[in-house]
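Structure first, commentary second.
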Amino acid sequence: MCGIVGYVGKTLDGKAQNVVMEGLARLEYRGYDSAGIALVTESGVETEKRAGKLENLRSALEAHPLHDSRTGIGHTRWATHGGPTDGNAHPHRGGKGDKLALIHNGIIENFHSLKKELLAEGVEFRSETDTEVAAKLVGAEFDAVGDLTTAMRNVVNRLEGAFTLLAVHADVPGVVVGARRNSPLVVGLGEGENFMGSDVAAFIGYTRHALELGQDQIVTITPDSHSVINFDGSPAEGKAYEVTWDASAAEKGGYDSFMAKEIAEQPDAVANTLLGRTKDDGELVLDELRISEDQLRNVDRITFVACGTAAYSSLVAKYAIEHWTRIPVEVTLAHEFRYSDPIVDDRTLVVSVSQSGETMDTLMAVKHAKELGALTLSICNTQGSTIPRESDAVLYTHAGPEVAVASTKAFLAQITAAYILGLYLAQLRGENYADSAKVLMTELREMPAKIQDVLDRMDRVVEMANFMADTRSVLFLGRHVGFPIALEGALKLKEIAYIHAEGFAAGELKHGPIALIEPGQPVFIVVPSPDSPHELHKKVVSNIQEIRARGARTLVIAHDGDEDVVPFANEIIRVPQCSPMLAPLLTVVPLQVFALHLAMAKGLDADQPRNLAKSVTVE
Ligand code: M6R
């Protein structure tokens, strides 16, 4: 949830501060209730930290500049232990003369007992955080052993929970030491300078050479070297890789917000996710899957585990994969999975879906599935992140970095990856039910242009959002693959516009929720295409009539040429025609645009909604 940056270079100047502050700006999406920096200068370790957004830290640094430095660490926080105050902001200090500064992402679960021990020894604390315990412990270890890597190693082995820790010490001015367990940390390798970050965005302006760390590892960087060891002290090596996107991908590029930019990038997100996954004749090839074809043929049950938007893309996957393969698919919220005594064995494929690859609930579900003997596959957008590393196989989405807290382009890329997986399984098992994989792959390749077409038609949706700025409640209805889209539309509105919103399966309405309908109540209805099976279309048109008869304001998302909805719609938002199963890639777009513009009309910061963070790395 927090963002972490570390830098070490050769020259004593303002660069360390600039690199850390730029990195924090790129990582602010991970947490933004306070921020802080520590620099190792000629006068020792100097820190500045402030509650509130990064801007407050920037102003404080302008008012009280720190000295030149070649080593620095910085932190942007999403509070877990202790409120968002200056005192609780990181870095925290430890050791004799407070010579050590330490920052932390995650939760140290046994901090109470450790703090009790330290208090009994007379150690004084200045914050309510779990982090300060680690700072005091590493500081004291350094005083005892005189080496920062050893000090870190001696302490991490006493900590329980999930953490990334970064530390600097006044006595070793050209060194940053980092440690990770179940929490992200990547290393950036430069020329005469090295970096660390919660993700590569922290240093992408300086280098694209990155080093992925394994679980329970410690990394030490100096300007000219990096070394990795395991928590047990044995030597280890990170996995080097090249970042395939550049700094501009992590910037707004002329858009008002990252969310606006990421919505606009959706045609590319889908196109890039499809790239290289079929032969010329349309046959699907998934070379990167590290699960054998025999193992996949043997699968008799699929369970998706995910949270939030990723869980809604998983719900779309359920409809598609069950239809195409006849394998039973269930979707479980990752945080419920572990506690539901799941029925999982070696013929179960557990698919985790995660944009960040760091969501703790999802990671823990994957680990639990592995313990139970399942095959685990990760659909993930972030290369080198923890969940794909912990899984047997990975299917990367190629949406590019997603910075806005509200997920948009990752959602479309996840749905696309799930379609690819479903069609691949259908092809592999020869159970291609009803549809042909090749025909659908051809149609999938046409979807980026159709998504662009939807984006080009959004003027009326923007107008609607502007005049609905004081709306207090919005309902969303859908059936079949339209149901997860209704849930996603409601989630977007809740999280960035702070409006009460609920998504329902349209058929469920008459079982209770219809009591919410009163004159003027805005209701979005995601209408399936008229050629949907099982008279689905007709049934949704009836649902529209039922709510319209009770005074609802019906905001209908319907395909081009669907005239049946016209008499019952207060507003019609048109999307191009497509196969019923692929429609989510189109129908969700107006709902994303609506939520963004409603948030803007209310004067809210859509990229950084209150109380939220982009990657939820605590359970
Ligand atoms: O990084 P992940 O995809 O694992 O994140 C899962 C959810 O936390 C995420 O989708 C969240 O619901 C978004 N804020 C939704 O817009």
From the phi angles alone, apply the Karplus equation (6.51, -1.76, 1.60; θ = phi - 60°) to segment 24-41 and give each ³J(HN,Hα) in whole Hz, x where the residue is Gly or Pro.
5, 4, 6, 9, 4, 4, 7, x, 8, 9, 6, 8, x, 9, 10, 10, 8, 10
Helix 536-549 vs. the chain, principal-axis angle (Cα, 0 to 90°, nearest 10)
90 degrees
For segment 459-601, just run the numbers: alpha carbon Rg, then divide by 2.2 N^0.38 Å, N being how many residues it has.
0.94
Ranked highest first by average number of other Cβ atoms within 10 Å, how do 20-33, 556-569, 290-303 line up?
20-33, 556-569, 290-303
Against the rule of thumb 2.2 N^0.38 Å, how large the Cα Rg of the chain comes out
1.00
Interchain or sequence-distant (5+) residues whose placed amide H lies within less than 5 Å of the amide H of S183 are F163
I need the calculated FRET efficiency for the pair E619 and D287, taking r as the beta carbon distance and R₀ as 30 Å, to the nearest 0.05.
0.30
For segment 231-303, the convex hull over Cα atoms projects on average to an area in nm² of 10.4 nm²
Averaging sequence separations of C-alpha pairs under 8 Å and six or more residues apart, then dividing by the length of the chain, give the relative contact order as a whole percent.
12 percent
Using a simple charge model, +1 on the beta-carbon of Lys and Arg, -1 on the beta-carbon of Asp and Glu, nothing else, what dipole does the chain show about its Cα centre, in debye to the nearest 20?
820 debye
Quote to one decimal, in nm, the extra length available between S113 and H500 on full extension: 0.36 nm per residue of separation minus the C-alpha distance between them.
135.2 nm
Label segment 3-249 by shape, choosing from rounded, prolate and oblate, from the square roots a ≥ b ≥ c of the eigenvalues of the Cα gyration tensor; if a/c is under 1.5 it is rounded, and otherwise prolate applies when a/b is larger than b/c, oblate when it is not.
rounded
Rounded tilt (10° steps) of 111-120 against the dominant C-alpha axis of the chain:
20 degrees
Cut-off under 5 Å, modelled amide H: who pairs with V394 long-range
R290, S378
Once the cut-off is 28 Å, how many percent of the Cα-Cα pairs in segment 325-461 end up in the long-distance tail?
26 percent
Tilt, helix 360-371 to longest principal axis of the chain (alpha-carbon atoms), in degrees rounded to tens, equals 80 degrees
Once R0 is set to 30 Å, what does the formula 1/(1 + (r/R0)^6) return for the Cβ-Cβ distance between L455 and T244, expressed as a FRET efficiency to the nearest 0.05?
0.80
If packing is taken as the average count of other Cβ atoms within 10 Å, what order do 109-117, 221-229, 392-400 fall into, highest mean first?
392-400, 221-229, 109-117
Counting all C-alpha pairs of segment 21-65, share separated by more than 15 Å (%):
41 percent
Once you keep just the Cα pairs under 8 angstrom separated by 6 or more residues, what percentage relative contact order results for segment 252-445?
29 percent
Past the 19 Å Cα-Cα mark, which pairs from K409/K538; K49/K99; K53/K614?
K409/K538
Out of all Cα-Cα pairs in segment 257-409, roughly what percent, to the nearest whole number, are more than 27 Å apart?
20 percent
Please work out the FRET efficiency for the pair N570 and E336, using the Cβ-Cβ distance as r and a Förster radius of 35 Å; give the result to the nearest 0.05.
0.40
Each residue of segment 613-619 in turn: what ³J(HN,Hα) in whole Hz from Karplus with 6.51, -1.76, 1.60 and θ = phi - 60°, glycine and Pro shown as x?
9, 5, 10, 9, 9, 10, 7
Provide the packing ranking of 246-257, 125-136, i.e. peptides ordered by the mean count of other C-beta atoms within 10 Å per residue, highest first.
125-136, 246-257
Under the Karplus relation 6.51 cos²θ - 1.76 cosθ + 1.60, θ = phi - 60°, what is the ordered set of whole-Hz ³J(HN,Hα) values for segment 441-446, x standing for Gly and Pro?
4, 4, 5, 4, 5, 8
I need to check one value: relative contact order of segment 367-475, counting alpha carbon pairs closer than 8 Å and at least 6 residues apart, in percent.
14 percent
If amide hydrogens are placed 1.01 Å from N in the peptide plane, which non-local residues have theirs closer than 5 Å to the one on T41?
E46
Seen from all sides and averaged, what is the projected area of the convex hull of the Cα atoms in segment 501-580, in nm²?
5.0 nm²
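Coordinate-derived values only; no laboratory data. Just so we're clear, the structure is a prediction, and the values are computed from it rather than from any experiment. Counting neighbours? That spans all protein chains shown, and the Cβs are built from the backbone with ideal geometry, glycine included.
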